[in-house]
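Report on the structure given below.
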Amino acid sequence: MRHEFHTPEPIELDAEINAGQLTVNAVETTQSVVTISGEDADRYDVEHDGSQLRITAPRQNFFGLNTRPVVIVVEVPTGSHVDIRSGSAEVRTTGDLSRCTCKSGSGAIHVQQTQGPTVLTTGSGEIRIESASDHLRAKSGSGDIGVGTVHGSLGATCGSGTIRVGRIFGPARLKTGSGDVVIDEVHAETGITTGSGDIAVGAQRRDTFTAKTASGQISVGAPADMPVWTDLSSVSGRIRSALTGHGEPAPGQEYLTVRASTVSGDISLHQV
(Lines give C-alpha, C1' and ligand atoms only; values in the text may rest on other atoms or scores of the structure.)
Protein backbone atom coordinates (compact mmCIF):
# COMPACT_ATOMS: atom_id res chain seq x y z
CA MET A 1 0.00 0.00 0.00
CA ARG A 2 1.28 3.45 -0.92
CA HIS A 3 0.01 6.84 0.24
CA GLU A 4 1.24 10.23 -1.04
CA PHE A 5 0.51 13.66 0.43
CA HIS A 6 1.52 17.20 -0.52
CA THR A 7 3.61 18.55 2.40
CA PRO A 8 5.64 21.62 1.37
CA GLU A 9 6.72 22.26 4.99
CA PRO A 10 8.08 19.97 7.75
CA ILE A 11 5.31 17.86 9.26
CA GLU A 12 4.47 16.14 12.53
CA LEU A 13 4.53 12.36 12.08
CA ASP A 14 2.70 10.22 14.63
CA ALA A 15 3.29 6.53 13.89
CA GLU A 16 2.51 3.17 15.46
CA ILE A 17 3.76 -0.25 14.43
CA ASN A 18 3.26 -3.63 16.08
CA ALA A 19 5.99 -5.86 14.66
CA GLY A 20 8.37 -5.68 11.74
CA GLN A 21 10.32 -2.57 10.71
CA LEU A 22 9.61 1.15 10.47
CA THR A 23 11.98 3.43 8.57
CA VAL A 24 11.58 7.21 8.44
CA ASN A 25 13.66 9.04 5.84
CA ALA A 26 13.90 12.84 6.18
CA VAL A 27 14.80 14.34 2.80
CA GLU A 28 14.44 17.57 0.83
CA THR A 29 10.94 17.05 -0.55
CA THR A 30 7.48 18.60 -0.81
CA GLN A 31 5.80 15.18 -0.66
CA SER A 32 5.30 12.76 2.22
CA VAL A 33 5.09 9.14 1.15
CA VAL A 34 4.02 6.15 3.23
CA THR A 35 4.59 2.62 1.94
CA ILE A 36 3.32 -0.37 3.94
CA SER A 37 3.92 -3.99 2.97
CA GLY A 38 3.04 -7.25 4.71
CA GLU A 39 -0.05 -9.35 5.43
CA ASP A 40 -1.44 -6.77 7.88
CA ALA A 41 -0.71 -3.77 5.64
CA ASP A 42 -4.35 -3.05 4.86
CA ARG A 43 -5.20 -2.95 8.56
CA TYR A 44 -3.03 0.11 9.18
CA ASP A 45 -4.76 3.48 8.90
CA VAL A 46 -2.90 6.39 7.29
CA GLU A 47 -4.36 9.90 7.69
CA HIS A 48 -3.11 13.34 6.67
CA ASP A 49 -4.54 16.58 8.03
CA GLY A 50 -2.62 19.79 7.36
CA SER A 51 0.79 19.38 9.02
CA GLN A 52 -0.23 16.11 10.76
CA LEU A 53 0.47 12.65 9.36
CA ARG A 54 -0.77 9.66 11.38
CA ILE A 55 -0.10 5.96 10.96
CA THR A 56 -2.28 3.88 13.29
CA ALA A 57 -1.72 0.19 14.02
CA PRO A 58 -4.64 -2.27 14.41
CA ARG A 59 -5.96 -1.53 17.88
CA GLN A 60 -6.84 -5.06 18.93
CA ASN A 61 -3.33 -6.33 18.28
CA PHE A 62 -1.20 -3.37 19.35
CA PHE A 63 1.50 -4.71 21.72
CA GLY A 64 -0.41 -7.99 21.61
CA LEU A 65 0.21 -11.57 20.54
CA ASN A 66 -0.16 -13.14 17.08
CA THR A 67 0.79 -9.88 15.38
CA ARG A 68 1.98 -10.27 11.83
CA PRO A 69 5.00 -8.11 10.94
CA VAL A 70 4.84 -5.32 8.39
CA VAL A 71 7.45 -3.10 6.78
CA ILE A 72 6.67 0.62 6.81
CA VAL A 73 8.79 3.18 4.97
CA VAL A 74 7.95 6.87 5.41
CA GLU A 75 9.51 9.77 3.52
CA VAL A 76 9.02 13.19 5.13
CA PRO A 77 10.49 16.69 4.66
CA THR A 78 13.74 17.50 6.43
CA GLY A 79 13.15 19.04 9.87
CA SER A 80 9.92 17.14 10.56
CA HIS A 81 8.85 16.14 14.08
CA VAL A 82 8.51 12.42 14.77
CA ASP A 83 6.61 10.53 17.49
CA ILE A 84 6.82 6.74 17.18
CA ARG A 85 5.44 3.88 19.28
CA SER A 86 6.51 0.32 18.54
CA GLY A 87 5.71 -3.08 19.98
CA SER A 88 8.67 -5.22 18.89
CA ALA A 89 9.49 -3.59 15.56
CA GLU A 90 12.87 -2.13 14.70
CA VAL A 91 12.73 1.64 14.19
CA ARG A 92 15.24 3.48 12.04
CA THR A 93 15.47 7.12 10.91
CA THR A 94 17.76 8.74 8.37
CA GLY A 95 18.30 12.39 7.58
CA ASP A 96 17.84 15.45 9.78
CA LEU A 97 14.77 15.47 12.04
CA SER A 98 13.63 18.12 14.50
CA ARG A 99 12.03 16.79 17.69
CA CYS A 100 12.07 12.99 17.96
CA THR A 101 10.33 10.70 20.46
CA CYS A 102 10.41 6.94 20.09
CA LYS A 103 9.16 4.30 22.51
CA SER A 104 9.48 0.56 21.86
CA GLY A 105 8.58 -2.51 23.86
CA SER A 106 11.49 -4.64 22.70
CA GLY A 107 12.68 -3.30 19.36
CA ALA A 108 15.94 -1.62 18.43
CA ILE A 109 16.01 2.13 17.75
CA HIS A 110 18.51 3.67 15.31
CA VAL A 111 18.44 7.44 14.72
CA GLN A 112 20.79 9.37 12.46
CA GLN A 113 20.39 13.04 13.39
CA THR A 114 18.07 15.31 15.37
CA GLN A 115 18.00 19.07 15.92
CA GLY A 116 15.38 19.23 18.70
CA PRO A 117 14.82 17.47 22.03
CA THR A 118 15.02 13.69 21.61
CA VAL A 119 13.68 10.89 23.82
CA LEU A 120 14.42 7.25 22.96
CA THR A 121 13.13 4.39 25.12
CA THR A 122 13.10 0.61 24.64
CA GLY A 123 12.55 -2.34 26.93
CA SER A 124 15.23 -4.69 25.63
CA GLY A 125 16.47 -3.37 22.30
CA GLU A 126 19.59 -1.40 21.56
CA ILE A 127 19.62 2.36 20.96
CA ARG A 128 21.91 4.09 18.47
CA ILE A 129 21.98 7.79 17.59
CA GLU A 130 24.69 9.48 15.56
CA SER A 131 24.11 13.14 16.40
CA ALA A 132 21.81 15.17 18.68
CA SER A 133 21.99 18.97 18.58
CA ASP A 134 19.64 19.44 21.54
CA HIS A 135 18.87 17.52 24.73
CA LEU A 136 18.92 13.72 24.50
CA ARG A 137 17.33 11.18 26.84
CA ALA A 138 17.91 7.47 26.18
CA LYS A 139 16.78 4.49 28.22
CA SER A 140 17.09 0.75 27.59
CA GLY A 141 16.29 -2.13 29.89
CA SER A 142 18.93 -4.56 28.67
CA GLY A 143 20.19 -3.30 25.32
CA ASP A 144 23.30 -1.24 24.63
CA ILE A 145 23.14 2.53 24.10
CA GLY A 146 25.45 4.11 21.54
CA VAL A 147 25.71 7.87 20.99
CA GLY A 148 27.94 9.74 18.56
CA THR A 149 27.83 13.46 19.42
CA VAL A 150 25.51 15.38 21.76
CA HIS A 151 25.57 19.18 21.78
CA GLY A 152 22.90 19.54 24.48
CA SER A 153 22.53 17.67 27.76
CA LEU A 154 22.56 13.87 27.88
CA GLY A 155 20.70 11.55 30.20
CA ALA A 156 21.15 7.82 29.58
CA THR A 157 20.06 4.84 31.67
CA CYS A 158 20.71 1.18 30.97
CA GLY A 159 19.99 -1.92 33.04
CA SER A 160 22.57 -4.42 31.83
CA GLY A 161 23.86 -3.01 28.56
CA THR A 162 26.87 -0.82 27.82
CA ILE A 163 26.68 2.94 27.23
CA ARG A 164 29.18 4.26 24.66
CA VAL A 165 29.41 7.96 23.75
CA GLY A 166 31.71 9.86 21.42
CA ARG A 167 31.58 13.54 22.41
CA ILE A 168 29.35 15.42 24.86
CA PHE A 169 29.21 19.23 24.96
CA GLY A 170 26.43 19.58 27.55
CA PRO A 171 25.92 18.22 31.08
CA ALA A 172 25.65 14.44 31.25
CA ARG A 173 24.07 11.98 33.70
CA LEU A 174 24.67 8.31 32.89
CA LYS A 175 23.63 5.23 34.86
CA THR A 176 23.94 1.46 34.34
CA GLY A 177 23.29 -1.56 36.50
CA SER A 178 25.94 -3.99 35.33
CA GLY A 179 27.07 -2.50 32.03
CA ASP A 180 30.13 -0.38 31.29
CA VAL A 181 30.18 3.34 30.48
CA VAL A 182 32.72 4.46 27.86
CA ILE A 183 33.04 8.09 26.72
CA ASP A 184 35.66 9.54 24.39
CA GLU A 185 35.44 13.24 25.31
CA VAL A 186 33.36 15.46 27.60
CA HIS A 187 33.19 19.28 27.71
CA ALA A 188 30.77 19.82 30.62
CA GLU A 189 29.80 18.47 34.02
CA THR A 190 29.51 14.69 34.07
CA GLY A 191 27.97 12.29 36.57
CA ILE A 192 28.23 8.51 36.10
CA THR A 193 26.95 5.68 38.30
CA THR A 194 27.24 1.92 37.76
CA GLY A 195 26.60 -1.10 39.92
CA SER A 196 29.38 -3.36 38.69
CA GLY A 197 30.37 -1.90 35.32
CA ASP A 198 33.62 -0.14 34.45
CA ILE A 199 33.77 3.61 33.78
CA ALA A 200 36.23 4.96 31.20
CA VAL A 201 36.39 8.59 30.04
CA GLY A 202 39.11 9.40 27.54
CA ALA A 203 39.13 13.15 28.27
CA GLN A 204 37.17 15.29 30.71
CA ARG A 205 38.02 18.71 29.27
CA ARG A 206 36.53 20.99 31.93
CA ASP A 207 34.05 21.41 34.79
CA THR A 208 33.36 18.51 37.21
CA PHE A 209 33.60 14.75 36.77
CA THR A 210 31.84 12.52 39.30
CA ALA A 211 31.87 8.72 39.10
CA LYS A 212 30.68 6.02 41.47
CA THR A 213 30.72 2.23 41.11
CA ALA A 214 30.64 -0.70 43.52
CA SER A 215 33.05 -3.14 41.88
CA GLY A 216 34.00 -1.60 38.55
CA GLN A 217 37.19 0.18 37.46
CA ILE A 218 37.28 3.96 36.92
CA SER A 219 39.60 5.64 34.41
CA VAL A 220 39.56 9.30 33.38
CA GLY A 221 41.83 11.57 31.36
CA ALA A 222 42.46 15.23 32.25
CA PRO A 223 44.12 18.04 30.24
CA ALA A 224 47.83 18.29 30.88
CA ASP A 225 47.76 22.10 31.15
CA MET A 226 44.88 22.42 33.62
CA PRO A 227 44.94 22.26 37.45
CA VAL A 228 42.95 19.29 38.76
CA TRP A 229 41.31 18.98 42.18
CA THR A 230 40.72 15.34 43.10
CA ASP A 231 38.63 13.43 45.64
CA LEU A 232 39.33 9.72 45.09
CA SER A 233 38.26 6.77 47.22
CA SER A 234 38.55 2.98 46.89
CA VAL A 235 38.08 0.54 49.78
CA SER A 236 40.14 -2.35 48.42
CA GLY A 237 41.27 -1.20 44.98
CA ARG A 238 44.33 0.76 43.92
CA ILE A 239 44.47 4.47 43.10
CA ARG A 240 46.96 5.64 40.48
CA SER A 241 47.52 9.14 39.08
CA ALA A 242 49.81 10.15 36.23
CA LEU A 243 48.76 13.82 36.39
CA THR A 244 51.31 16.62 36.62
CA GLY A 245 50.86 18.82 39.69
CA HIS A 246 50.04 22.49 39.01
CA GLY A 247 49.47 23.69 42.56
CA GLU A 248 46.60 26.00 43.48
CA PRO A 249 44.83 27.56 40.48
CA ALA A 250 45.33 31.29 40.07
CA PRO A 251 42.34 33.57 40.74
CA GLY A 252 39.89 33.16 37.86
CA GLN A 253 41.85 30.27 36.35
CA GLU A 254 39.78 27.35 35.10
CA TYR A 255 40.34 24.03 36.84
CA LEU A 256 38.92 20.51 36.71
CA THR A 257 37.31 18.67 39.61
CA VAL A 258 37.45 14.86 39.66
CA ARG A 259 35.47 12.89 42.22
CA ALA A 260 35.59 9.10 41.97
CA SER A 261 34.68 6.34 44.40
CA THR A 262 34.57 2.55 44.19
CA VAL A 263 34.43 -0.26 46.71
CA SER A 264 36.69 -2.87 45.14
CA GLY A 265 37.73 -1.45 41.77
CA ASP A 266 40.82 0.52 40.80
CA ILE A 267 40.90 4.24 39.98
CA SER A 268 43.35 5.69 37.48
CA LEU A 269 43.94 9.23 36.19
CA HIS A 270 45.99 10.07 33.11
CA GLN A 271 46.94 13.16 31.12
CA VAL A 272 45.64 13.96 27.66
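The values are calculated or read from the model by the stated rules, or taken from the named source; none is laboratory data. What you see is a predicted model; the values in this text were computed from it and never measured. Please note: Cβ atoms are built from the backbone with ideal geometry, for glycine as well, and neighbour counts cover all protein chains shown.
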Qualifying position, being over 24 Å from residue 113 (Cα atoms), assigned to a strand (DSSP E or B) and either out of contact with any Pro (no Cβ under 7 Å at 6 or more places or on another chain) or free of Cβ contacts under 8 Å to residues at least 12 places away in the same chain (or both), among 211, 156: 211
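Could you check the range 98-127 and list, in sequence order, the residues that are among the small types (Gly, Ala, Ser) and either touching a residue at least 24 places away in the same chain (Cβ under 8 Å) or buried (at least 19 other Cβ atoms within 10 Å of the Cβ) (or both)?
Taking the range 98-127 as the starting set, the residues that turn out to be among the small types (Gly, Ala, Ser) are 98, 104-108, 116, 123-125.
Those that are among the small types (Gly, Ala, Ser) and either touching a residue at least 24 places away in the same chain (Cβ under 8 Å) or buried (at least 19 other Cβ atoms within 10 Å of the Cβ) (or both): 98, 104, 105, 107, 108, 116, 125.
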Any pair with Cβ under 6 angstrom, 6 or more apart, that starts in the range 227-254 at a residue that is loosely packed, with under 12 Cβ neighbours inside 10 Å and ends at one that is assigned to a loop (DSSP other than H, G, I, E, B): 235/263; 236/264; 238/266
Search result, residues across the range 217-237 that are more than 17 Å from residue 206 (Cα to Cα) and under 32 Å from the mean Cα position of the chain (by Cα): 217, 218, 232, 233, 234, 237
Yes/no for residue 190 being among the polar types (S, T, N, Q), under 24 Å from the mean Cα position of the chain (by Cα), surrounded by fewer than 20 Cβ atoms within 10 Å (Cβ to Cβ) and within 19 Å of residue 156 (Cβ to Cβ): no
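Give the residue that is farthest from residue 49 (Cα to Cα), with candidates limited to residues of the range 1-32 that are among the acidic types (Asp, Glu) and surrounded by fewer than 20 Cβ atoms within 10 Å (Cβ to Cβ).
Narrowing the range 1-32 to residues among the acidic types (Asp, Glu): 4, 9, 12, 14, 16, 28.
Checking which are surrounded by fewer than 20 Cβ atoms within 10 Å (Cβ to Cβ) leaves us with 4, 9, 12, 14, 28.
Values: 4: 12, 9: 13, 12: 10, 14: 12, 28: 20 Å.
So the residue we want is 28.
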So residue 150, is it β-branched (Val, Ile, Thr), under 10 Å from the mean Cα position of the chain (by Cα) and buried (at least 24 other Cβ atoms within 10 Å of the Cβ): yes
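Among the listed residues 162, 193, 176, which satisfies the condition of being touching a Cys at 6+ places or on another chain (Cβ under 7 Å) and modelled with pLDDT of 95 or more?
Numbers: 162 fails: touching a Cys at 6+ places or on another chain (Cβ under 7 Å); 193 fails: touching a Cys at 6+ places or on another chain (Cβ under 7 Å).
After ruling out the rest, the residue left standing is 176.
So that you can scan it fast, the table gives a plain yes or no per residue for (1) of a type in the set (D, E, K, R); (2) farther than 29 Å from residue 135 by Cβ; (3) in a strand (DSSP E or B):
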{"residue": "196", "(1), (2), (3)": "no, no, no"}
{"residue": "232", "(1), (2), (3)": "no, yes, yes"}
{"residue": "240", "(1), (2), (3)": "yes, yes, yes"}
{"residue": "270", "(1), (2), (3)": "no, yes, yes"}
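Can residue 53 be described as crowded, with 17+ Cβ neighbours inside 10 Å, at pLDDT 95 or above and under 29 Å from residue 161 (Cβ atoms)? Lay out the reasoning, then the answer.
On the way: crowded, with 17+ Cβ neighbours inside 10 Å: yes; at pLDDT 95 or above: yes; under 29 Å from residue 161 (Cβ atoms): no.
For residue 53, the condition - crowded, with 17+ Cβ neighbours inside 10 Å, at pLDDT 95 or above and under 29 Å from residue 161 (Cβ atoms) - is not met.
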Unmet criterion (only one of (1) charged (D, E, K, R); (2) in contact (Cβ under 8 Å) with a residue 24 or more places away in the chain; (3) surrounded by fewer than 18 Cβ atoms within 10 Å (Cβ to Cβ)) for residue 75: (3)
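State yes or no: is residue 7 of a type in the set (Ser, Thr, Tyr), at negative phi and at pLDDT below 95? Steps first, please.
Details: of a type in the set (Ser, Thr, Tyr): yes; at negative phi: yes; at pLDDT below 95: no.
Taking the combined requirement at face value, the residue does not satisfy it.
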